[in-house]
2 protein chains.
Amino acid sequence: MLDERKLDVLRAIVEDYVATHEPVGSKTLVDRHNLGVSPATVRNDMAALEEEGYITQPHTSAGRIPTDAGYRLFVDKLSTVKTLSPAEKKAITSFLAGAVDLDDVVRRTVRLLAQITRQVAIVQYPSLNRSHVRHVEVVTMTPRRLLLVLITSTGRVEQRIVEPPHDVDEQLIGDLRSRLNTALAGQRLTEAATSLAAVPETFAPADRHLVAAIVTTLLEAFTDEVGEQRIAVGGAANLTRYGDDFERNVKPVLEALEEHVILLKLLGEATNPQTLTVRIGHENPYEELATTSVVATGYGSKSEALATLGIVGPTHMDYPSTMGAVRAVARYVSQILADT
Amino acid sequence: MLDERKLDVLRAIVEDYVATHEPVGSKTLVDRHNLGVSPATVRNDMAALEEEGYITQPHTSAGRIPTDAGYRLFVDKLSTVKTLSPAEKKAITSFLAGAVDLDDVVRRTVRLLAQITRQVAIVQYPSLNRSHVRHVEVVTMTPRRLLLVLITSTGRVEQRIVEPPHDVDEQLIGDLRSRLNTALAGQRLTEAATSLAAVPETFAPADRHLVAAIVTTLLEAFTDEVGEQRIAVGGAANLTRYGDDFERNVKPVLEALEEHVILLKLLGEATNPQTLTVRIGHENPYEELATTSVVATGYGSKSEALATLGIVGPTHMDYPSTMGAVRAVARYVSQILADT
DNA sequence: GACTGGCACTCGGATCATTTGAGTGCCAGG
DNA sequence: CCTGGCACTCAAATGATCCGAGTGCCAGTC
């Protein structure tokens, strides 16, 4: 059906269109890429490609532009992920290495990703579900107000206020603290939630009421839905490069960026950093973002992704470079997090 | 110079222009606002107002639009801050009350502010400088890796990793923890930085090396410049309502939103929640944002502002409502924080 | 059979002239 | 001091025209 040369033509069309953002005609195509055939031949190939649904004409007497299917074929078969230059790699590591804590890592990552890809960057915070308890701290602020601090293996810190039903005894708090830590430390948050249930019973009946209050709050922190979905976004200014048709291209993206729930769906399930997910135009789950593509991948340890990061951009983006950048950033972030 | 009626005309022009975003002519003005005089008279007044620099014509044979000076006069003399409806107030409190921690408060505030004003909202995190030490925690993760956690009176949590020069003794850590807390608790971060310097000397010479390493890192956290400047932004999607001239109006704002340093300057010095700062067009410190205004105010306790929050929007915004919303949100956030 | 040069055709976008009407400034009269 | 009237201005909308990049198709060539 599609011989080698037709695929070459498709590749040329995609590359040209990505570079110029203008429909590309048979003549320009032959001029710019040395295909070794005449425009007329290219026209025939184009007709075939159009027949197959890989390209279209915005209107008669205009050049062709790739369809979503065209991009898909390009990404799957016609291109290779571009690797970054050593200089870029170095810049990434040194920039990320300067981070002081998890928040800082995430902020820097978003910024970096936006800068390299010149697209809108999205980074999900390491999932709570997949984290382990590193430490639980109970701090007495006033006799009737306690602060619970949960520190996870991924560096996330969650805090909650508890107002116990009656004054608390410092002795008891110390006791609780150490029992919590021995019971929970090293466990996944999901497991820890179960272990937690058993803790109150180990205390004297008189104290159980108080302990239960604390345990309940802690449990909330473990299974916090909202916290689970934390996301950082950056590089919105890159949207200004979308060109015209503001209403159709920029507006829906800006709106989506405000809705973290939507972003999470866009990013999709975390994959390991080797696998890149690319969703092109209509392939993504939001009608409004039909002119937008998403390039995402998981980050974290090799065996298991902690969360997802990626970018959102126009379907006519430079996929090889973008994919390379996303993959590279994901790897380096994984590395940094492993060290911390 | 400007009699009562001329001011009425200016007010009418501003209100009309804000509502329609179109240059307003003498006839429409008389039709819409009952000024009790004829268009011709209004024209004379307009000529005078233009003479004084409060309004201009985009071109001859067009209506008038207010200048920055016109808006300034309007805000200072011709309008009163609009108070929110009881329903709105209730919505604010109940929405903010659901917050679980400081991060959540800030996130909710940004969202709220953006929603009510339908502008881009900016909220600065409570300043570290003005916070007090609530608790310092030293957690041993591995014998050669410690985690320092600083919790401030404003609910901020800063964390730092320390890799001590040699294995640490659990006994010593416990000792250090309690000495740090008795030495620092309740102090302002700025004072605490000084008190901190004296801590190593209270330890046996053999331990001082280790303690010094910890103290140094803690000191960094106290005086963290970057952390000091934390900011949350929201409602960027509202920029789509700017209308056309995307390049001139939307782009610079989006770019500014990425640069937190710029935002801090835009927000300016925190004032107490009673005082609203309004910067109109050229009054703000960024040339690129000459078509935008900033409405900001401090939040925190009555006596002293902890940080600033506000909105950025086109100069032709509805000042009375916006100012009312910003002030109200600032007050309610102050309240919530005081309770925590 | 595959490629190419040639040719008629299409149609979006640029260019330019024309019209329209909201709005103005100014003046004479109440 | 206000108002109705009038001539004037000019941005924006409308419309006619032209241009050319690009197409599809066909007959001829390798």
For B:K27, the lysines lying under 20 Å Cα to Cα, once residues fewer than eight places off in the same chain are dropped, come out as B:K6
With label points set 7 Å from each Cα along the Cα-to-Cβ direction at A:D169 and A:A198, the distance between them in nm comes to 2.5
Here the net charge surrounding A:L7, from other residues whose Cβ is less than 10 Å away from its Cβ (Lys, Arg +1; Asp, Glu -1), is 0
Computed ³J(HN,Hα) along the stretch A:19-30: with the Karplus parameters 6.51/-1.76/1.60, θ = phi - 60°, integer Hz and x for glycine or proline, the list is 6, 9, 6, 10, x, 10, x, 5, 5, 3, 4, 5
Largest fluctuation, A:A307, A:A183, A:A296 only, Gaussian network model of chain A with Cα springs under 10 angstrom, belongs to A:A183
Calc'd 3J(HN,Hα), the stretch A:326-333, phi into Karplus 6.51 cos²θ - 1.76 cosθ + 1.60 (θ = phi - 60°), Hz, glycine/Pro = x, comes to 4, 4, 4, 4, 4, 5, 5, 5
For A:A19, inter-copy label-point distances (7 Å, Cα→Cβ), nm, shortest first, read 5.5
Rounded to the nearest 10 degrees, the helix B:86-97 long axis (Cα) sits at an angle to the longest Cα principal axis of chain B of 20
Listed residues A:L128, A:L35, A:L289; largest mean-square fluctuation, Gaussian network over chain A with Cα springs below 10 Å, found at A:L35
The answer for A:Y125, listing residues at least 5 apart or on another chain whose modeled amide H is closer than 5 Å to its amide H, is A:R230, A:I231, A:A232
Computed ³J(HN,Hα) along the stretch B:274-282: with the Karplus parameters 6.51/-1.76/1.60, θ = phi - 60°, integer Hz and x for glycine or proline, the list is 6, 9, 9, 9, 10, 10, 10, x, 5
Distances in nm between the label point of B:G36 (7 Å along Cα→Cβ) and its equivalents in the other copies, shortest first, are 8.9
FRET efficiency (B:Q229, A:E287; Cβ distance; R0 35 Å; to 0.05) is 0.35
For the stretch A:87-159, averaging the sequence separation of alpha carbon pairs under 8 Å that lie six or more residues apart and dividing by its residue count, the contact order in percent is 22
Distances in nm between the label point of B:D104 (7 Å along Cα→Cβ) and its equivalents in the other copies, shortest first, are 2.7
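Evaluate the relative contact order of the stretch A:7-57 (contact order divided by residue number), counting alpha-carbon pairs under 8 angstrom at least 6 apart; express in whole percent.
Averaging sequence separation for qualifying contacts and normalising by length gives 34 percent for the stretch A:7-57.
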Sorted by chain and number, the residues with a modelled amide H under 5 Å from that of B:I55, at a separation of 5 or more or across chains, are B:E50, B:T67
Placing +1 on each Lys and Arg Cβ and -1 on each Asp and Glu Cβ in the stretch B:193-258, then taking the dipole about the Cα centre, the residue among B:A256, B:T223, B:L239 whose Cα reaches farthest towards the positive end is B:L239
Rounded to the nearest Å, the spacing of the alpha-carbon centers of the stretch B:256-289 and the stretch B:5-32 is 28
Measuring from its Cα centre, the stretch B:60-178 shows a charge dipole (+1 at each Lys and Arg Cβ, -1 at each Asp and Glu Cβ) which, in debye to the nearest 20, is 960
Scoring chain A by relative contact order with C-alpha pairs under 8 Å, at least six apart, yields a percentage of 19
Contour minus Cα-Cα span, A:A62 to A:E269, at 0.36 nm per residue, comes to 70.6 nm
Checked chain B with the C-alpha gyration tensor, a ≥ b ≥ c its square-rooted eigenvalues, rounded below a/c of 1.5, otherwise prolate if a/b is larger than b/c and oblate if not; verdict prolate
Out of A:V42, A:L73, A:A19 - ranked by how far each Cα lies towards the positive end of the dipole of the stretch A:1-131, with unit charges on the beta-carbon of charged residues - the top one is A:A19
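Read-outs throughout are calculated quantities, based only on the coordinates presented, and are distinct from any laboratory measurement. Since this is a predicted model, take the numbers as computed values, not measurements. With ideal geometry, Cβ positions are generated from the backbone for all residues, glycine too; neighbour counts draw on all protein chains shown.
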